Amino acid sequence: MKYISLLGASGSIGMQTLDVIRSHPDQFCLVAMSIGKNHEAARAIIEEFHPELVAVADSAVYDALYREFHGSVKIIFGDEGLVEAATYSKATIVVNALMGSIGLIPTLKAIEARKTIALANKETLVTAGHIVTKAAQNHNVALLPVDSEHSAIFQCLQGEKHKNVEKLILTASGGSFRDCTREQLHHVTVEDALRHPNWSMGAKITIDSATMMNKGLEVIEAHWLFGLPYEQIDVLLHRESIVHSLVQFHDSSVIAQLGTPDMRVPIQYALTYPDRFRLPDARKLNLADIGTLHFQQIDFERYRCLQFAYEAGRAGGSLPTVLNAANEEAVAAFLSGRIRFLMIEDMVEKALEKHEVIKNPSLDEIREVDRETRRYIQSLLT
């Protein structure tokens, strides 16, 4: 039995993680979780899975859950509660499905507590990859990727020697606007942007997919997870989202991981690694039915956010922190109707140009850069 602490239980990845736990009650047990503002989802999860500890971000939801479940479940609140959930003594695996840089501190605390980390919160490695990977190494803690692309690479590398890897190739669907010209993007709406052609995801990550920032963050994450320079990490446009990523070796061999678009597959692999379980109700891949797969080079002028991510990753230091914080604030402004779609990349570019890079930032410096960047983006909105 593996005992799981799930951070971000009501989000897209969180709910699909619960589906995996539900499918294998003899293998997994939810012992702790965190939730934000979704009272109804929290109640339903507690009633079905009976976790011992629940951390809540919203004070009103905390009060309601405390009244309902006090005595049977430990209900805790705020950032300290989130850390307590991440380090809960009974948990053996922490699934970090939080959205945004809020996932960094709980991840570090979970590593210090020697929990296995199933990581879906890419911002943790984007903002502080040098700190997180060093902590994992020092505490002998596994960082298991949950993103479909990184899980694919991780699976392709099983049994292979790192020295033989020539290149990592991340695939990208192209998002909601992959068939649009830049001219057509000037007047797209939030509703347009949220219509992802292949995946069902949360709002923020769906917008990031449309700008290709999500792929840029994944490039930085891949750099830290697999220890390769950015010159050996490529992105390939692949409309069908069937080939989740590829690894090219020195001998010209290429190994790819394929499957239907279903986030439960990489989630379950992280939870069962190094084993594999059956996944009930998963749609099997039938290549004969699909017939043709399409691939094309990425146009960096079309997807400027991906170019920004490569530039920030290569510069290193505190610049990826700026990239992530600026993007989070700009996407939130777009989702709330305060800016147009293409202004997301304009704001990110301004923040990157304004920042003076700190080469090897401490955790405190990273947090301060994050705050400063968010204040700067907010100042552009006034």
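Residue check, residue 127 against (1) among the hydroxyl-bearing types (Ser, Thr, Tyr); (2) closer than 30 Å to residue 365 by Cβ; (3) in contact with a strand residue (DSSP E or B) (Cβ under 6 Å, 6 or more places away or on another chain), all met but one. Which one?
That leaves (3) as the condition not met.
Identify all residues within region 81-110 that are modelled with pLDDT under 95 and open to solvent by 50 Å² or more (accessible area, probe 1.4 Å); write none if there are none.
Answer for region 81-110, where residues must be modelled with pLDDT under 95 and open to solvent by 50 Å² or more (accessible area, probe 1.4 Å): 99, 102.
Step by step: first the residues of region 345-359, then only those that are over 30 Å from residue 185 (Cβ atoms) and in contact (Cβ under 8 Å) with a residue 40 or more places away in the chain, then the one that is surrounded by the most Cβ atoms within 10 Å (Cβ to Cβ). Which residue is that? Walk me through it before giving the result.
Filtering region 345-359 for residues over 30 Å from residue 185 (Cβ atoms) gives 356, 358-359.
Of the ones still in play, those that are also in contact (Cβ under 8 Å) with a residue 40 or more places away in the chain are 358-359.
Numbers: 358: 16, 359: 9.
The qualifying residue surrounded by the most Cβ atoms within 10 Å (Cβ to Cβ) is 358.
Residue 292 passes all but one of (1) farther than 30 Å from residue 109 by Cβ; (2) open to solvent by less than 20 Å² (accessible area, probe 1.4 Å); which number fails?
All conditions are met except number (2).
Which of the residues that make up region 116-151 are surrounded by fewer than 24 Cβ atoms within 10 Å (Cβ to Cβ) and assigned to a loop (DSSP other than H, G, I, E, B)?
The answer is 139, 140, 141, 142.
Across region 329-357, what is the total count of residues that are of a type outside the set (A, V, I, L, M, F, W, C), over 13 Å from residue 216 (Cβ atoms) and part of a helix (DSSP H, G or I)?
5
Residue check: is residue 24 over 22 Å from the mean Cα position of the chain (by Cα), of a type outside the set (D, E, K, R) and either within 18 Å of residue 117 (Cβ to Cβ) or open to solvent by 40 Å² or more (accessible area, probe 1.4 Å) (or both)? Working first, answer last.
Numbers: over 22 Å from the mean Cα position of the chain (by Cα): yes; of a type outside the set (D, E, K, R): yes; either within 18 Å of residue 117 (Cβ to Cβ) or open to solvent by 40 Å² or more (accessible area, probe 1.4 Å) (or both): no.
No; evaluated as a whole, the condition is false for this residue.
Quick one: in region 174-188, of everything that is out of contact with any strand residue (DSSP E or B) (no Cβ under 6 Å at 6 or more places or on another chain) and surrounded by 13 or more Cβ atoms within 10 Å (Cβ to Cβ), which residue is nearest to residue 296 (Cα to Cα)?
If we filter region 174-188 for residues that are out of contact with any strand residue (DSSP E or B) (no Cβ under 6 Å at 6 or more places or on another chain), which is where we start, we get 175-188.
If we keep only those that are surrounded by 13 or more Cβ atoms within 10 Å (Cβ to Cβ) too, we end up with 175-178, 180, 182, 185, 188.
Values: 175: 14, 176: 17, 177: 15, 178: 12, 180: 15, 182: 18, 185: 21, 188: 24 Å.
Looking at residues that are out of contact with any strand residue (DSSP E or B) (no Cβ under 6 Å at 6 or more places or on another chain) and surrounded by 13 or more Cβ atoms within 10 Å (Cβ to Cβ), I get 178.
Can you confirm whether region 316-328 contains a residue that is at positive phi and either buried (at least 23 other Cβ atoms within 10 Å of the Cβ) or touching a residue at least 12 places away in the same chain (Cβ under 8 Å) (or both)?
Yes, because at least one residue in region 316-328 is at positive phi and either buried (at least 23 other Cβ atoms within 10 Å of the Cβ) or touching a residue at least 12 places away in the same chain (Cβ under 8 Å) (or both).
How many residues does region 58-80 contain that are open to solvent by 70 Å² or more (accessible area, probe 1.4 Å) and in a loop (DSSP other than H, G, I, E, B)?
Step one: filter region 58-80 for residues open to solvent by 70 Å² or more (accessible area, probe 1.4 Å), giving 63, 66-68, 70-72, 74, 77, 79-80.
From what is left, the residues that are in a loop (DSSP other than H, G, I, E, B) are 70-72.
Qualifying residue count, region 58-80: 3.
Conditions (1) acidic (Asp, Glu); (2) under 17 Å from residue 15 (Cα atoms), marked per residue:
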residue	(1), (2)
28	no, yes
31	no, yes
42	no, yes
53	no, no
79	yes, no
82	no, no
86	no, no
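Residue 30 fails exactly one of the following numbered conditions: (1) under 20 Å from the mean Cα position of the chain (by Cα); (2) part of a strand (DSSP E or B); (3) not β-branched (Val, Ile, Thr). What is the number of that condition?
Residue 30 satisfies all of (1) under 20 Å from the mean Cα position of the chain (by Cα); (2) part of a strand (DSSP E or B); (3) not β-branched (Val, Ile, Thr) except (1).
Quick one: which residue in 146, 165, 126, 132 is of a type in the set (Val, Ile, Thr) and over 17 Å from the mean Cα position of the chain (by Cα)?
Working: 146 fails: over 17 Å from the mean Cα position of the chain (by Cα); 126 fails: over 17 Å from the mean Cα position of the chain (by Cα); 132 fails: over 17 Å from the mean Cα position of the chain (by Cα).
The unique qualifying residue is 165.
Return the only residue of 236, 168, 225, 217 being touching a Ser or Thr at 6+ places or on another chain (Cβ under 6 Å), of a type outside the set (Asp, Glu) and in contact (Cβ under 8 Å) with a residue 60 or more places away in the chain.
Working: 168 fails: touching a Ser or Thr at 6+ places or on another chain (Cβ under 6 Å); 225 fails: touching a Ser or Thr at 6+ places or on another chain (Cβ under 6 Å); 217 fails: touching a Ser or Thr at 6+ places or on another chain (Cβ under 6 Å).
Every option except 236 fails the conditions.
Residue check, residue 373 against (1) hydroxyl-bearing (Ser, Thr, Tyr); (2) surrounded by 15 or more Cβ atoms within 10 Å (Cβ to Cβ); (3) more than 23 Å from the chain's Cα centre (by Cα), all met but one. Which one?
Looking at each condition in turn, residue 373 falls short on (3).
Find the residue count for region 227-270, including only residues that are over 23 Å from residue 14 (Cβ atoms) and of a type in the set (Phe, Trp, Tyr).
Matching residues across region 227-270 total 2.
Where the second residue is assigned to a helix (DSSP H, G or I) and not hydrophobic (A, V, I, L, M, F, W, C) and the first is open to solvent by 40 Å² or more (accessible area, probe 1.4 Å) and lies in region 34-53, which pairs have Cβ atoms under 7 Å and are six or more apart or on separate chains?
Qualifying pairs under 7 Å: 43/68.
Being more than 24 Å from residue 315 (Cβ to Cβ) and touching a Phe, Trp or Tyr at 6+ places or on another chain (Cβ under 6 Å) is the filter here, so list the residues in region 202-235 that pass it.
210, the sole residue that qualifies.
The values are calculated or read from the model by the stated rules, or taken from the named source; none is laboratory data. Fair warning: this is a prediction, and the values are worked out from it, not measured in the lab. Positions of Cβ are generated from backbone atoms using ideal geometry, with glycine treated the same way; all protein chains shown enter the neighbour counts. Note: areas computed on protein heavy atoms with side chains; ligands, DNA, RNA excluded. Shrake-Rupley method; radii C 1.70, N 1.55, O 1.52, S 1.80 Å.
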